[in-house]
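Contents: one structure, followed by commentary.
The values are calculated or read from the model by the stated rules, or taken from the named source; none is laboratory data. As the structure is a prediction and not an experimental result, all values here were calculated from the model. Using ideal geometry, Cβ is built from the backbone for each residue, glycine included, and neighbour counts are taken over all protein chains shown.
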Amino acid sequence: MTGLVLAAALAIGAVSTPLNAVFDRFEGSGDVMLTGQVIAAIETSPALVRQLDELATSGALKSLTLGSESGPLGASHKDGVITLTPAFVDEQTPADGSDLSARTQIGERDLVFVLGYMASKLKTEPATAAAQARLVALNATAASTPKGGPIDGDPAMHAQMALKADEEARAYLQGWNDEIDAQTAAKGAPLTGAEAITLLQESRNAGLLRAAANAPPNQRLETSPTFEFPATQRNIDILAKAIWTAEVPDFM
């Protein structure tokens, strides 16, 4: 495993053997420059390292890989494997310079957002799938009841879509919060309001978050003192509603 941050974390037991194995396999699986760039991005966010460590330890994260299968964010996941397209990784110009403007232009932050998003999906999808399966079973049971009938298709579908919108909202929130975490760690101090606004404006994947952050007060995302969007039920509901009404490719 390369990288001073991850190596130091492993030395003090902060990174599990399963996650170390995931990184080792990833480094040996393809273009050394690209795999190194992904790991360097992960290093920038202690929160993302912890999230991936938790997933690897539980077995939910089996591997990282470079491949052609892609979602709308330049990555996809299936059966515990997070796949990043080489083209997506290659276009992430490594951040250079010590000032926030340089750090937030493109750099590792887009990789951090996407990996945080994917990590959230790996964590929440089993529960979402189980809930959706219960809805399907309930519908099937109602359809087989002589005096009853199937649950009305629209409400049943609405309930399943609401579960997916909730999952998607959690993933976007985690992606953003990991970006904030990475930038805070790089700066060595909390971001200022102006810096957080710059990050939100320039983040490629934060369009829905920008809209929800600038909505009327009763529809606006709450922020923490360090400019994260906490995964409170209120924030999840607000963002899920925005996802529901927007054309979000991965959700639709």
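Give me the pairs, please: first residue somewhere in segment 167-178 and under 11 Å from LEU209 (Cα atoms), second residue anywhere and β-branched (Val, Ile, Thr), beta-carbon distance under 7 Å, and either six or more positions apart or on two chains. So the pair list comes out as ALA169/ILE236; ALA169/ILE243; GLY175/VAL114. The number of residues in segment 223-248 being in a loop (DSSP other than H, G, I, E, B) and touching a helix residue (DSSP H, G or I) at 6+ places or on another chain (Cβ under 6 Å) comes to 4.
Anything in segment 186-236 that is of a type in the set (D, E, K, R) and under 17 Å from the mean Cα position of the chain (by Cα)? List them, or say none. Give the derivation first.
Filtering segment 186-236 down to residues of a type in the set (D, E, K, R) leaves 187, 195, 202, 204, 210, 220, 222, 228, 234.
Correct list: ARG204, ARG210, GLU228.
Only one of the listed residues (LEU84, LEU55, LEU64) is in contact with a Phe, Trp or Tyr (Cβ under 6 Å, 6 or more places away or on another chain) and surrounded by 19 or more Cβ atoms within 10 Å (Cβ to Cβ). That residue is LEU64. Filtered by the rule that a residue be of a type outside the set (Gly, Ala, Ser) and either surrounded by 15 or more Cβ atoms within 10 Å (Cβ to Cβ) or not in a helix (DSSP H, G or I) (or both), segment 213-222 gives ASN214, PRO216, ARG220, LEU221, GLU222. For segment 14-33, enumerate the residues that are surrounded by fewer than 18 Cβ atoms within 10 Å (Cβ to Cβ) and either hydrophobic (A, V, I, L, M, F, W, C) or under 18 Å from GLY74 (Cβ atoms) (or both). Selection gives ALA14, ALA21, SER29, GLY30, ASP31, VAL32, MET33.
Here ALA206 clears all of (1) hydrophobic (A, V, I, L, M, F, W, C); (2) at pLDDT 90 or above; (3) under 17 Å from VAL114 (Cβ atoms) except the condition numbered (2).
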